[in-house]
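> First the structure, then my questions, so here it is.
Taken together, the values in this text are just the output of simple stated rules run on the coordinates, not laboratory data. Since the structure is predicted, the reported quantities are computational estimates derived from the model, not experimental observations. Cβ placement follows ideal geometry from the backbone for every residue including glycine, while neighbour counts extend to all protein chains displayed.
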Amino acid sequence: MAAKARARSAISRPKATAIQPAFLPFAKPAIDEETITAVSQVLRSGWITTGPQVEAFEAALSRYLGGRAVRAFTSATGALEVALQACGIGHGDEVIVPAMTFAATANVVLRVGARPVFADVDLATRNIDLGQVEKAITPLTRAIMPVHFAGLPVDMDALYTLAERRGLRVIEDAAHAIGSSHRGRRIGSFGDFVAFSFHPNKNLTTIEGGALSIREPAEARRVERLRFHGIEHNDNGDMDVLEAGGKYNLTDVAACVGLGQLRRLEQFNQRRRTLAACYFERLKTNPAMLLPAHGDEGHSWHMFAPLLPLEHMRIGRPQFIEEMRKRGIGVGIHYPALHLFSLYRKMGYRIGDFPNAERIGQSTVTLPLFSAMSENDVDRVCESCSGILGKFRKDAP
Ligand SMILES: *Cc1c(COP(=O)(O)O)cnc(C)c1O
């Protein structure tokens, strides 16, 4: 064949390009067309801030939580802060929080003028260790703020028995736990104060948003006041300002998104459970990673976060995450130990104070888990993990 013809045939031959699967993030919200249509109607209605949609969303959440008083917020952070204020917690008080959680859990304690006191978490459940909580209680302790980590409820019987025995309030950070239940009872359908987050990564989203479930109806009124400028209306409809409240009211646009999400929450969470079961099935032959606690059907699987076997790896976590990214997979970190951030070191916390929180903080990786994922996606994630861990093992050639 002449050189020219050879060149031509090479050009015309279709190139064998590997089809790159779409990038798989570790979390992704699922908003349906019905919700988008409903949101456009709200936007066109002339009323876009707190109004009938928020009222309907609060009522729907209340029904979902067995008739409890529920108030919507612009974030879980705002809801947690208001719950602390509603308990009268402030200067000179201590609140016990897990040493491994998102910064908001402890920051809100500082924001009301109180002192967060850390307690270590359990290595498998990642939840606050109630034995450590007991040891951290002092005469200044006013409340415990547990986190239902990744949607796995803390032992509610033990928690509330302890709180009652020591005369403490409980403010549950249930940011991960909408739809979780403990011994058949939904998180937020019982308990003292329970705060949910509706950030886009969470199991239910309102874009940004949160809610507070309240045991004492009398406290709901105070919560409303603290949520909105300290304003109260008397029986004549006259407005008064009773205290310096915050400004945390949800918009009707956001609440409309929430209503569309709440209709599908059970379906979302069922899907998350199926995908988590897939992860366990695929990763049981990869004993290198320390898998999270299995939980039961009450687990809502907000995240699937194993620990990397760093001691057996030639690369660190940042390189592992980079290798996953190269394979088109997003990996998160939830969370570094909270007591080692500058703000908390300034309070005197040191390396070595909370060994489990520190080990999790250094080695945890959040693998993709969201309702629109397929089981093939789980396969892809697990194959990539195994491939990377095999390639970069300490004893690998
Ligand atoms: C997301 C999250 C929060 C904060 O929620 P926002 O709604 O973003 O304020 C608090 N605590 C934990 C454990 C969270 O994951």
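> Hey, what do the phi angles of segment 315-320 turn into as Karplus ³J(HN,Hα) couplings, whole Hz, using 6.51/-1.76/1.60 and θ = phi - 60°, x for Gly and Pro?
Along segment 315-320, the couplings run 10, x, 4, x, 5, 4 Hz.
> A follow-up question, please. Using 30 Å as the Cα-Cα cut-off, could you pick out the over-long pairs in Lys28/Lys346; Lys28/Lys135; Lys28/Lys247?
Working: Lys28/Lys346 36 Å; Lys28/Lys135 39 Å; Lys28/Lys247 28 Å.
Exceeds cut-off: Lys28/Lys346; Lys28/Lys135.
> Could you give the angle, 0 to 90 degrees to the nearest 10, between helix 76-86's Cα long axis and the longest principal axis of the Cα atoms of the chain?
20
> By its C-alpha gyration tensor, with a ≥ b ≥ c as the square roots of the eigenvalues, how is segment 265-391 shaped: rounded for a/c under 1.5, else prolate for a/b larger than b/c, else oblate? Provide the component values of the computation, followed by the final result.
Values: a/c = 2.04, a/b = 1.37, b/c = 1.49.
Oblate shape, in that a/c is at least 1.5 and b/c is the bigger or equal ratio.
> Let me ask another. Sorting Phe304, Phe198 on the 10 Å Cβ count, fewest up front, what's the list?
Details: Phe304 23, Phe198 31.
So the ranking, lowest neighbour count to highest, is Phe304, Phe198.
> Another one. As I understand it, the value is the acute angle between the Cα axis of helix 217-227 and the longest principal axis of the Cα atoms of the chain; what does it come to in degrees, rounded to 10?
70
> Amide H neighbours of Gly330 under 5 Å, at least 5 residues apart or on other chains, H built in the peptide plane: list them.
Leu24, Phe26
> Turning to a different aspect of this structure: What order do you get for Ile89, Ile178, Ile19 when you list them from fewest to most C-beta neighbours inside 10 Å?
Details: Ile89 21, Ile178 29, Ile19 4.
With the fewest neighbours first, Ile89, Ile178, Ile19 line up as Ile19, Ile89, Ile178.
> Note the angle between two axes, namely the Cα long axis of helix 375-391 and the longest principal axis of the Cα atoms of the chain, as a number of degrees from 0 to 90, rounded to the nearest 10.
Rounded to the nearest ten degrees, it is 70.
> Also, quick follow-up: What is the magnitude of the charge dipole of segment 265-391 about its Cα centre, with +1 placed on the Cβ of each Lys and Arg, -1 on the Cβ of each Asp and Glu, and no other charges, expressed in debye to the nearest 20? It would help to have the intermediate numbers written out before the result.
Values: 16 positive and 13 negative charges, 99 e Å.
My answer is approximately 480 debye.
> Then there's this: Is the shape of the chain best called rounded, prolate or oblate, per the rule: a/c under 1.5 gives rounded, else a/b larger than b/c gives prolate, else oblate, with a ≥ b ≥ c the square roots of the Cα gyration tensor eigenvalues? Could the numbers behind the result be given before it?
Working: a/c = 2.32, a/b = 1.43, b/c = 1.62.
Oblate.
> At 7 Å along Cα-to-Cβ for each site, give me the label-to-label distance between Asp235 and Leu290 in nm.
Calculated label separation equals 6.1 nm.
> Sticking with this structure for a sec: So, with +1 on the Cβ of K and R and -1 on the Cβ of D and E, and no other charges, what is the size of the charge dipole of the chain about its Cα centre, to the nearest 20 debye? Kindly include the intermediate steps, with their values, before the conclusion.
Details: 48 positive and 42 negative charges, 437 e Å.
With Lys and Arg at +1 and Asp and Glu at -1, about 2100 debye.
> How large is ³J(HN,Hα), in whole Hz, for each residue of segment 50-59 in order, when computed from phi with the Karplus curve 6.51 cos²θ - 1.76 cosθ + 1.60 and θ = phi - 60°, using x for Gly and Pro?
Along segment 50-59, the couplings run 3, x, x, 5, 5, 4, 5, 5, 4, 5 Hz.
> Check Gly209: other-chain or 5+ apart residues with amide H under 5 Å from its amide H, H built from backbone geometry?
Ala76, Phe198, His199
> Let me ask something else about it. I need Leu259, Leu204 ordered by Cβ neighbour count within 10 Å, fewest first.
Numbers: Leu259 19, Leu204 25.
With the fewest neighbours first, Leu259, Leu204 line up as Leu259, Leu204.
> Further question on the same structure: Please list, ordered by chain and number, the residues whose modelled amide H lies under 5 Å from the amide H of Phe118; skip anything fewer than 5 residues away on the same chain.
Amide H neighbours of Phe118: Val97.
> State the percent of C-alpha pairs, over all pairs in segment 146-195, separated by a distance greater than 15 angstrom. Please list the in-between numbers first.
Details: 439 of 1225 pairs.
Tail of the P(r) past 15 Å holds 36 percent of the pairs.
> Output ³J(HN,Hα) for segment 197-211: one whole-Hz value per residue in order, computed from phi by the Karplus curve 6.51 cos²θ - 1.76 cosθ + 1.60 with θ = phi - 60°, and x for Gly and Pro.
With the stated coefficients, segment 197-211 comes to 10, 10, 4, x, 7, 7, 5, 9, 10, 10, 6, 10, x, x, 8 Hz.
> Say each of Trp47 and Leu310 gets a label point 7 Å from the Cα, pointing the same way as Cα to Cβ; how far apart are those two points in nm?
Computed distance between label sites Trp47 and Leu310 equals 5.3 nm.
> On a full-extension model of 0.36 nm per residue, what is the gain between Gln267 and Arg221, subtracting their alpha-carbon distance, rounded to one decimal in nm?
Working: separation 46, 0.36 × 46 = 16.56 nm, distance 3.30 nm.
Result: 13.3 nm gained on full extension.
> Let me know the charge dipole size of segment 33-263 about its Cα centre in debye, to the nearest 20, where only the beta-carbon of Lys, Arg (+1) and Asp, Glu (-1) is charged.
Values: 23 positive and 27 negative charges, 59 e Å.
Charge dipole of segment 33-263: 280 debye, to the nearest 20.
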